[in-house]
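Written below as structure tokens is the structure these notes are about.
The values are calculated or read from the model by the stated rules, or taken from the named source; none is laboratory data. Keep in mind it's a predicted model, so treat the numbers as computed, not measured. Heads up, the Cβs are rebuilt from the backbone with ideal geometry, glycines too, and the neighbour counts pull from every protein chain shown.
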Amino acid sequence: MRQRRTVAGLLSIAALLLLAGQVCAAEASLQNSTSLSTQAFGNLSPESRGDIYLARGEYIQAIEAYRKAPRTAEVWDKMGIAWHHMNALGQARNDYRRALLIQPNYPQAINNLGATYFAQRKFKKSIGLYRQALRLMPKSAVIAANLGTAYFAWGKYRQGLAAYRRAFRLDPTVFAEPDSLTNVAANTSREYRAQEDYCLAELFAQADMKTQAIAYLTRALNEGFRNRQQILRDSVFAQLRKTREFAQLMAAQKIR
């Protein structure tokens with residue numbers, strides 16, 4: 001689960017907590033219907049019931065269901081995710097570690113363990129774990145984005161931009177909707193967030209994705225991006241500066 005200001009302010013970029021197995025068949029059937037009969041629900045395995053509760057945001061019920069399931073690495077990881085959503089970082093960390101005792105090279109659990117340290121501003125520790133998870137899952141845009149977010153939070157902008165570029169190459173949609181980003185960092189600095197958003201605006205501008213570039217540029221300015229004249233000189237924004245949206249943004253910000 002990846003967040004800028006959502007769900008108890010814990011996670012990082014768009015799907016920071018990677019859910020092993022993703023959506024099970026029972027969860028999919030739940031999404032395709034308005035209700036699930038008690039009988040049908042009762043016939044599901046404890047893990048499938050837990051998945052449904054987790055999808056509904058009923059985290060205590062999810063944990064209770066998972067506790068009745070065989071304790072696989074995936075189940076421990078899912079229990080950790082449920083605790084994590086409730087900002088119970090100690091319990092989440094314990095469950096991620098239990099998953100890793102069973103399956104030491106489990107990238108989802110390593111990523112999620114890193115998220116618990118990120119939430120506590122232990123950026124160096126989270127970076128080490130994200131890098132480890134990315135080595136095991138090199139095509140994960142989410143993990144690459146999480147790594148970039150942690151670097152930015154630690155003030156390592158060059159490394160953060162490199163990680164974001166990697167995530168963008170893998171899947172630009174991981175950054176596509178600024179308002180949906182779940183960057184954990186309720187207590188990180190505005191300066192870090194402004195620089196992060198400016199770099200993302202550059203990436204989208206380079207890809208000629210003008211709507212997203214404007215959205216991130218707006219966020220950077222609202223977060224207090226200081227070098228406003230840089231926006232008017234940055235060659236990356238040459239085409240963006242020709243748009244009506246850019247002109248409107250500059251007028252609203254009183255930048256000339």
Scanning region 192-240 for residues that are farther than 20 Å from R165 by Cα, surrounded by 14 or more Cβ atoms within 10 Å (Cβ to Cβ) and among the charged types (D, E, K, R) gives E223, R228
Name the pairs whose Cβ atoms lie under 9 Å apart, with the first residue in region 50-70 and on the phi > 0 side of the Ramachandran plot, the second buried (at least 18 other Cβ atoms within 10 Å of the Cβ) and not β-branched (V, I, T), and 6 or more positions between them or separate chains?
-> G57/H85
Could you run through region 202-256 and say how many residues are under 19 Å from F152 (Cβ atoms) and in a helix (DSSP H, G or I)?
-> 18
Here are some residues: A109, A115, A73. Which one is over 21 Å from the mean Cα position of the chain (by Cα) and touching a residue at least 24 places away in the same chain (Cβ under 8 Å)?
-> A73
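Any residue at all in region 72-84 that's surrounded by 17 or more Cβ atoms within 10 Å (Cβ to Cβ), under 23 Å from E196 (Cβ atoms) and touching a helix residue (DSSP H, G or I) at 6+ places or on another chain (Cβ under 9 Å)? Before the answer, list the steps.
Looking only at region 72-84, we keep the residues that are surrounded by 17 or more Cβ atoms within 10 Å (Cβ to Cβ), and these are 73-84.
Checking which are under 23 Å from E196 (Cβ atoms) leaves us with 84.
Going one step further and asking which of them are touching a helix residue (DSSP H, G or I) at 6+ places or on another chain (Cβ under 9 Å), we end up with 84.
Looking for residues that are surrounded by 17 or more Cβ atoms within 10 Å (Cβ to Cβ), under 23 Å from E196 (Cβ atoms) and touching a helix residue (DSSP H, G or I) at 6+ places or on another chain (Cβ under 9 Å), one finds at least one in region 72-84, hence yes.
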Boolean, A145 is surrounded by fewer than 24 Cβ atoms within 10 Å (Cβ to Cβ), within 12 Å of the chain's Cα centre (by Cα) and either more than 17 Å from E74 (Cβ to Cβ) or of a type in the set (V, I, T) (or both) | no
Output the qualifying pairs, or none if there are none: Cβ atoms under 6 angstrom, residues six or more apart or on different chains, first residue in region 205-217 and within 10 Å of E245 (Cα to Cα), second residue crowded, with 20+ Cβ neighbours inside 10 Å.
-> K210/L240
Could you check, for region 133-142, whether at least one of its residues is under 18 Å from D95 (Cβ atoms), at pLDDT 95 or above and in a helix (DSSP H, G or I)?
-> yes
